[in-house]
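The values are calculated or read from the model by the stated rules, or taken from the named source; none is laboratory data. No experiment lies behind these values; they were computed from the predicted model shown. Here the Cβ positions follow ideal geometry from the backbone for every residue, glycine too, while neighbour counts run over all protein chains shown. Just the protein is used for accessible areas: all its heavy atoms, side chains included, with ligands, DNA and RNA removed. Shrake-Rupley method; radii C 1.70, N 1.55, O 1.52, S 1.80 Å.
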Amino acid sequence: MSVNDDVIKAGVASDADYIGRLFRDFQAANDAGASSITPLCMASYLALILHEAKRKPQAINPSAFDGFSAEAEEVCARARHSLKLFEDTRRHIDGQLQFFRDEILDKHSDHFLGNTWLWFAQKWEKDLGLFTYEGTLVSTSHTAAFHLGVETKKLLQEDNGAYMLGIMQQLGRCFLALGARLDTQGGKTFVHHLSGADVRAVDVRASTYYAQAFNGGATLAINGVLTDFQVRMNFIDKMITAGADIRNLEYTVFKIRYVTLYQVLLSLKILKEDPRYPLSPSSTIALETILDSDAVHVITDSAVREFRNTLMHYNLLRGADTTKVDLTQPIFGLVPQYFPAYDFQQLSCLVDTCIRETASALNEWASSV
């Protein structure tokens with residue numbers, strides 16, 4: 001077996017082990033609050049792992065995906081591709097904004113609004129759920145819909161969750177076949193350290209909420225997608241590292257944080273540089289504040305694109321020196337190859353600083369209108 005295949009197998013094994021412990025901690029959690037929102041935050045990352053593992057039959061036994069239906073595979077692929085945000089080569093900015101407008105904003109409004117015959121009560125109807133942890137917005141019903149990969153009509157159908165349960169059961173069986181175990185005695189995941197008492201949920205009117213966020217009332221779809229960026233950054237800042245040592249994060253947690261940060265920053269850069277989407281002067285300043293830092297330049301430099309790609313896809317890229325790969329080291333010893341000035345602990349601290357600063361700036365921008 002090649003070094004590349006060894007890296008793929010080690011990456012998938014690390015992810016499967018983490019997901020097994022995550023599911024174990026979900027089951028052990030006594031409070032419904034944290035257990036209700038964390039699956040929404042984690043869904044696209046579960047899809048990423050399965051989608052990419054399935055594409056590596058030379059290193060991963062393909063029988064792990066026996067019984068994985070074509071529909072479950074499509075849901076998984078859509079959820080995984082949603083992580084690209086504005087870097088999605090099929091949708092780009094136009095497609096993402098149209099998808100958000102047509103499939104989420106409009107269809108959720110059609111489903112949740114106008115259901116009372118009392119005209120004076122219609123103003124109290126709500127179509128957007130907001131979920132906070134320790135007072136910070138970490139998910140919304142729109143963000144969950146954006147990243148679940150489920151077609152809107154099936155997501156909103158009245159079936160008591162039977163459709164989603166069927167998909168999740170298939171995903172669970174695949175993780176089990178890849179090595180995830182509920183009876184593992186391994187370390188606790190972030191779920192174990194969350195407090196349901198710090199979770200809050202509130203329903204609001206989407207059109208009103210987005211009109212008062214980010215770029216103002218003229219760009220509801222842009223504001224909605226930026227809200228998605230905001231909650232994803234808050235999740236990796238406030239929740240996924242609960243109980244962990246930032247300098248010594250395990251493979252899966254570091255991967256989720258780096259990939260999310262990278263995609264949000266690149267997407268913000270794409271938005272800033274596209275003249276078809278003029279932003280207000282205050283929004284332009286907010287974007288420049290986020291993007292113009294040394295940490296952002298280090299983390300998103302084109303020279304480290306292959307590092308991001310290996311985290312996303314498991315396999316090594318042409319720029320990797322296989323003689324320096326070490327499966328016993330964090331990220332298999334790849335950090336010094338792509339970031340010569342940093343070891344893993346230093347890079348993890350830099351990523352953490354960048355996450356905190358980006359999350360804080362997005363929160364401030366969101367409330368500046």
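Give a quick list of trypsin sites (Lys or Arg not before Pro) in region 266-319 that DSSP marks as loop, anything other than H, G, I, E or B, with at most 12 other Cβ atoms within 10 Å.
Listed in order of number, the matching sites are 276, 318.
Relative to the longest principal axis of the Cα atoms of the chain, the long axis of helix 251-273 makes an angle of roughly 50 degrees. When the Gaussian network model of the chain links Cα atoms closer than 10 Å, the mean-square fluctuations of 198, 274, 127 top out at 274. Taken along its principal axes, the alpha carbon cloud of region 199-342 reaches lengths of 55, 38, 24 Å, longest axis first. Based on the Cβ-Cβ distance of residue 13 and residue 184, what FRET efficiency does E = 1/(1 + (r/R0)^6) give at R0 = 22 Å, to the nearest 0.05? Calculated transfer efficiency: 0.95. Stretching the chain fully between residue 36 and residue 134 yields a gain of 33.8 nm (0.36 nm per residue, less the alpha carbon separation).
How much length is gained if the chain between residue 349 and residue 305 is pulled fully straight, taking 0.36 nm per residue apart and subtracting their Cα-Cα distance, in nm to one decimal? Don't jump to the answer; show the numbers that get you there.
On the way: separation 44, 0.36 × 44 = 15.84 nm, distance 1.92 nm.
Once the chain is fully extended between residue 349 and residue 305, it gains 13.9 nm.
Relative to the dominant Cα principal axis of the chain, helix 32-54 is inclined by about 50°. For the chain, the pair-distance distribution built from all alpha carbon pairs, in bins 20 Å wide starting at 0, is 28, 60, 11, 0 percent. Remark: the residue 66-residue 110 segment gains 12.1 nm on full extension, using 0.36 nm per residue and subtracting the alpha carbon distance. Accessible area per residue was computed with a 1.4 Å probe on protein heavy atoms; residue 322 scores about 70 Å². Label zone (residue 92, point 7 Å along Cα-to-C-beta; backbone nitrogen cut-off 12 Å) within region 261-302: 274-277. Compute the acute angle (0 to 90°) between the alpha-carbon long axis of helix 220-238 and the principal axis of greatest extent of the alpha-carbon atoms of the chain; round to the nearest 10°. Once rounded, the angle reads 50 degrees.
Helix-only arithmetic for the chain: the sum of -39500 (n - 2.57) across DSSP H runs with n ≥ 4, divided by the residue total, places the mean residue ellipticity at 222 nm at -17500 deg cm²/dmol.
Here the label points at residue 58 and residue 125, each 7 Å from Cα along the C-beta direction, are separated by 5.5 nm in the simple model. My understanding is that a pair violates if its Cα-Cα distance is over 23 Å; which of 9/255; 56/188; 238/324; 84/255; 153/269 do that in this structure? Check vs 23 Å cut-off fails for 56/188; 238/324; 153/269. Computed from the Cβ-Cβ distance with R0 of 35 Å, the FRET efficiency linking residue 369 to residue 246 stands at 0.60. Determine the share of the chain's accessible area contributed by carbon and sulfur atoms, expressed in whole percent, with a 1.4 angstrom probe. Within the chain, the accessible surface is 51 percent carbon and sulfur.
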